[in-house]
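Colleague: Before I ask anything, here is the structure I am working with.
All of the numbers you see were taken from the coordinates with simple rules; none came from a lab. Since this is a predicted model, take the numbers as computed values, not measurements. Every residue, glycine among them, receives a Cβ derived from its backbone with ideal geometry; neighbour counts consider all protein chains shown.
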Amino acid sequence: MSKNKKKILSITLAAVLAISLLGGCSGGKKADANGPGGEDGVFTIAYAPNESTAESADARNGLAKDLSEVLGCEVEEIQASDYNAIIEALRTGKADMAYMGSQALALGVERTDLEPIVMKAEEGDPEKAIYHSVFIVKSDSEINSIEDIKGKTMAFVDPDSTSGNLVPTAEIIQAFADEELNSDILHTNGAFFEAVSFSGSHQAGLQAVIKGDVDVVPISDQILASEIAHGNAAEGDVKIIHESGAIPAEAMVVGEHVTQETREKLTQFLTAYDNEDYFTDVIKVPGARFVECDMSDYEEIVELNKIINDF
């Protein structure tokens with residue numbers, strides 16, 4: 001990654017301060033505990049609710065089948081209830097690899113020695129391995145900017161969502177610098193917002209705004225575009241009132257128990273993977289591909305997470 005790529009977060013930290021062929025296989029053979037599938041012979045990939053939609057099931061299964069041929073063992077997918085569940089699955093070895101956003105990654109490194117190996121990038125260009133958090137409201141809302149959201153109803157996505165919680169929290173703190181806000185205030189009913197909640201997924205947050213259940217939600221700009229492209233929302237249903245600076249894209253991370261040999265096979269497979277259905281329906285960015293990455297690409301988010309959450 002270039003030095004410029006690593007400086008992709010426009011909200012500065014200062015402003016906020018002041019996841020083998022030797023593997024055990026099916027077919028009656030005994031699993032190799034040191035292989036990719038571990039003692040049970042199964043390599044497990046965890047996804048969050050955002051990637052576990054009806055449109056994504058076949059595409060995810062396709063990747064599992066293709067990867068199984070490379071690793072020489074069964075590959076299964078699990079849908080976790082949230083990012084915390086994914087981190088715990090990686091920590092305990094119930095999952096071997098997971099797809100997660102950068103805040104979940106930042107939280108994960110506080111609990112276990114996980115490692116990002118690839119990140120999504122539009123057109124497979126490392127310089128485009130970014131996305132944004134956008135604040136959306138109903139199209140006919142009188143809310144027109146981030147400065148108008150005080151006293152409204154807000155639904156963040158998930159406590160461990162980057163574009164649905166961490167970055168928007170920092171954006172609000174920066175926009176209302178004179179009010180000495182913090183994460184606790186922004187997540188307490190009646191303190192800054194009239195009412196505040198978590199939608200559970202970007203898709204659910206979008207629908208909550210469209211239905212008028214909440215006034216404002218912050219979601220990934222790429223998921224918003226995907227939902228509109230799939231016909232789950234119309235472009236005229238909502239309007240964007242604020243966009244964050246660039247955020248490092250979601251990554252495939254591996255648990256600390258995954259061997260170096262398996263990590264290298266995974267990286268080689270993922271960076272060469274070109275199943276367009278997977279990138280359109282699961283990754284939510286048509287034409288995207290995976291590019292190699294490491295923890296240095298997420299340093300700023302890791303530090304921001306520590307500041308916002310007082311680690």
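Colleague: If you find the alpha carbon centre of the range 121-146 and of the range 250-299, how far apart are they in angstrom?
Modeller: For the range 121-146 versus the range 250-299, the Cα centre distance is 22 Å.
Colleague: Regarding the range 173-311, what whole-number volume in Å³ per residue does the convex hull of its Cα atoms give? Please list the in-between numbers first.
Modeller: Numbers: hull volume 20.8 nm³, N = 139.
Spread over its residues, the Cα hull of the range 173-311 gives 149 Å³ apiece.
Colleague: Per q in 0.14, 0.16 1/Å, what log10 I(q)/I(0) does a Debye calculation on the alpha-carbon atoms of the range 107-210 return?
Modeller: The Debye formula, applied to the Cα set alone, gives -0.66, -0.83.
Colleague: Sort 158-164, 301-307 by the packing proxy (mean of other Cβ within 10 Å over each peptide's residues), most packed first.
Modeller: Details: 158-164: 26.4, 301-307: 18.9.
Top to bottom by mean Cβ count within 10 Å: 158-164, 301-307.
Colleague: On a 22 Å Cα-Cα criterion, which of the cross-link pairs Lys128/Lys150; Lys65/Lys94; Lys65/Lys120; Lys211/Lys239; Lys150/Lys284; Lys128/Lys284 come out too long?
Modeller: Check vs 22 Å cut-off fails for Lys128/Lys150; Lys150/Lys284.
Colleague: Please state the equivalent ellipsoid semi-axes for the range 153-215: what are the square roots of 5 times the Cα gyration tensor eigenvalues, largest first, in whole Å?
Modeller: Whole-Å semi-axes of the equivalent ellipsoid: 20, 13, 9.
Colleague: Under a cut-off of 13 Å between alpha-carbon atoms, report the aspartates and glutamates in cross-link reach of Lys306, not counting same-chain residues fewer than 8 places apart.
Modeller: Glu110, Asp160
Colleague: Tell me, rounded to the nearest percent, the portion of alpha carbon pairs in the range 36-178 spaced more than 24 Å apart.
Modeller: Numbers: 4488 of 10153 pairs.
In whole percent, the long-distance tail amounts to 44.
Colleague: Here's something else I'd like to know. Calculate the spin-label point distance for Thr112 paired with Asp277, positioning each point 7 Å from the Cα along the beta-carbon direction, and give it in nanometres.
Modeller: 3.0
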